[in-house]
Every structure is written in C-alpha cells, then in structure tokens.
1. By count of other Cβ within 10 Å, fewest leading, how are 72, 65 ordered?
2. Restricting to Cα pairs below 8 Å that are 6+ residues apart, what does the relative contact order work out to for region 35-170? Please round to a whole percent.
3. Fewest Cβ neighbours within 10 Å first, please rank 53, 157 accordingly.
4. Compute the separation of the alpha-carbon centres of region 144-171 and region 77-135 and state it in Å as a whole number.
5. Under 20 °C and 1.002 mPa s, how fast does region 1-88 diffuse according to Stokes-Einstein, given a Kirkwood radius computed over C-alpha pairs? Answer in µm²/s, whole number.
6. What do you get for the angle between helix 105-123 and the principal long axis of the chain? Use alpha-carbon atoms, 0 to 90 degrees, nearest ten.
7. Quick one: 1, 36, 144, fewest Cβ neighbours within 10 Å first, how do they rank?
C-alpha cells in the first residue's frame, strides 16, 4: 500500500485557470456527503479508535470543522484586500483541546455542515476578478489567488477524508 504524503510535505502548483472555480466549489460541497457516507452506521468504537496514537475518525472530522474558521477568515482577507493571509496554528491546538471523541458523530457532522455552508455561501457567486485576487500564504510563502485558497481547502479535505476512510476500514 502506498503511504499518504504528510500534509506539511505537500507542494502545490497554483497555475490552473480561474475557470476551475465551479469544479472546486463542487468539491467543497462534496465533502459533507462523503463524510456522511463514510461515517454512517460506523460504531463508536471505530469512530474513536486512535491507532498509533494518531487522530481518530471523529478527531479528523473535528479538525476539518476546526479549520473552517481559518478558511472563512482567509476568504475575508482576500475580499478586504489583505496582502498576507491569516496564519494557521500549525500545532493544531484547537483540535487537540476540543475532545472531539466525546461528541456525537451527528453533532460533529452538523457543526461541519453549518460552517462549510457558510463558507460556500460566501464565495459561490463571486466574479472572476475576485476569484483571481491574490495574497501571500504565510506558511507556503507563495502568492495565492482566492481560487487557489479554495483548491487548497479541497485538497486539505481530501487529505483528511482519506484518513477517515482508512480508519473506518482498518479498525
């Protein structure tokens, strides 16, 4: 089996056309149904298992929810013309402190759903010029367009959805 590349080792190429914006929005909309399908009828034991002391499926989902505030804040950064995007907490303190394993899976899904819908509602009708607006990504130290930021979110979603899928299949 091929081991998934760690998130912080990923490299990104933001040279695709702004015209991929609708596809990226579709990917962002698709995260919730994928989460629901992966976690439906999965036991609490499996959802909270922490193989190798890494995040459980619930913690992976909770992490996706925890980052929605950052993603939305960065959208605001683009829309208000900031030169540098808000920095992420690279230690993921919010996720480590949230105790997502004690939450019901339905509650976690609802939290994520609400936050993701807010993000999608904010960007779904923007124009091409706004989608092409740029700011510096603080960790990557590269200029990023708003459409690139949304692609980055979709890639991050897929990274953690893959982890959730592995956890619910392996445990």
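1. Working: 72 17, 65 23.
The fewest-first ordering by Cβ neighbours comes to 72, 65.
2. Values: 132 pairs, mean separation 48.4, N = 136.
Dividing the mean separation by the residue count of region 35-170 yields 36 percent.
3. On the way: 53 5, 157 22.
Taking fewest neighbouring Cβ atoms as first place, the list is 53, 157.
4. 13 Å
5. Values: Rh = 16.1 Å.
This corresponds to a translational diffusion coefficient of 133 µm²/s.
6. Computed tilt is about 10 degrees.
7. Details: 1 4, 36 14, 144 21.
Sorted ascending by nearby Cβ count, the order is 1, 36, 144.
We did not get these values from a lab; they are worked out from the coordinates using the rules stated. Everything numeric here is computed off the predicted structure, so don't read it as measured data. Using ideal geometry, Cβ is built from the backbone for each residue, glycine included, and neighbour counts are taken over all protein chains shown.
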